[in-house]
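Down below is the structure, laid out as structure tokens.
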Amino acid sequence: MPARAVRGMSAPPEVVFSTATDPARASAWLPEPLRGDGSPAAEISAEELRARWGDGDDWSAEIRVEPADSGGARIQLDLADGSGGSGPDQLADEALTNLVREVADNLQAG
């Protein structure tokens, strides 16, 4: 069963999603087995603000970004390590913490 982490942000959902799916920034927040070679996510739905990364049968991550109050965003990350166990809960939480940092850096740079 995949681990799930949820976090709210004050950034607009589109900014959060574009930061999360930017191949140059994904390596800074995704867990090591999913960082890859700078290629884009395996599946991206910009309309649904949903993306999925996968490493064969071993690792997968799916992110969904939804609008939240006051123009912010709600981020949900499901992370599976392929072991069929309880899932990498700490890694999912750390990944979202890293994504929040990347979004903040992206907003400051822009």
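The values are calculated or read from the model by the stated rules, or taken from the named source; none is laboratory data. Since the model is a prediction, treat every value here as computed from it, not as a measurement. Ligands, DNA and RNA are stripped out before the accessible areas are found, and what is left, the full protein with its side chains, is counted by its heavy atoms. Shrake-Rupley method; radii C 1.70, N 1.55, O 1.52, S 1.80 Å.
Given the options PRO23, PRO33, name the one that is within 16 Å of ARG101 (Cα to Cα) and not β-branched (Val, Ile, Thr).
On the way: PRO33 fails: within 16 Å of ARG101 (Cα to Cα).
Selected residue: PRO23, the only one of PRO23, PRO33 that is within 16 Å of ARG101 (Cα to Cα) and not β-branched (Val, Ile, Thr).
Need a quick list: strands (runs of 3 or more DSSP E) entirely within region 32-110 having at least 3 residues that are open to solvent by less than 40 Å² (accessible area, probe 1.4 Å) and modelled with pLDDT of 90 or more. Can you show your working first?
Working: elements: 43-45, 50-55, 59-67, 73-80.
Passing ranges, in order: 59-67, 73-80.
What are the residues in region 3-24 that are in a helix (DSSP H, G or I) and open to solvent by 50 Å² or more (accessible area, probe 1.4 Å), if any?
Filtering region 3-24 down to residues in a helix (DSSP H, G or I) leaves 13-21, 23-24.
Scanning region 3-24 gives GLU14, SER18, ALA24.
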